[in-house]
Amino acid sequence: MKRIDPATLSRADAIAFRESEMARLESARLVAGIAGGPLKRRAKQAASAHHANVMALSARIDGPIPPDVQAMTDDELLAALA
């Protein structure tokens, strides 16, 4: 799994890559959820790499995530958005 360097991309390319990486992330998470053994480990590693790419591309598109928001748990973030 290769990491994407968002600094080399235009904003439009970063948006397109992010959509692709989000689809790949979802697929990897689905496989990790139903697979077992070595395939499960590989799917989890792929999901982690795709997640890192999505986060890096999002920072390139929308700017860096503020530290206070980045420190929130999923539940805290959802509560703040509600």
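The values are calculated or read from the model by the stated rules, or taken from the named source; none is laboratory data. Bear in mind that the values here come from a model prediction, so they are computed numbers and not experimental data. Here the Cβ is made from the backbone with ideal geometry for all residues, glycine too, and neighbour counts use every protein chain on show. What goes into the accessible areas is simple: the full protein's heavy atoms, side chains included, and nothing from ligands, DNA or RNA. Shrake-Rupley method; radii C 1.70, N 1.55, O 1.52, S 1.80 Å.
Quick test for you: out of A71, A52, A46, pick the one residue that is more than 24 Å from L9 (Cα to Cα) and either of a type in the set (G, A, S) or surrounded by fewer than 16 Cβ atoms within 10 Å (Cβ to Cβ) (or both). Show your work before the answer.
On the way: A52 fails: more than 24 Å from L9 (Cα to Cα); A46 fails: more than 24 Å from L9 (Cα to Cα).
Just one listed residue meets the conditions, A71.
Cβ-Cβ distance below 7 Å, separation of 6 or more or different chains: which pairs start in the range 10-38 with a residue that is closer than 21 Å to D62 by Cα and end on one that is open to solvent by less than 60 Å² (accessible area, probe 1.4 Å) and hydroxyl-bearing (S, T, Y)?
R18/S58
Considering only the range 13-43, state which residues are under 16 Å from V54 (Cβ atoms) and either of a type in the set (D, E) or out of contact with any helix residue (DSSP H, G or I) (no Cβ under 7 Å at 6 or more places or on another chain) (or both).
D13, A16, E19, S20, E21, A23, E26, S27, L30
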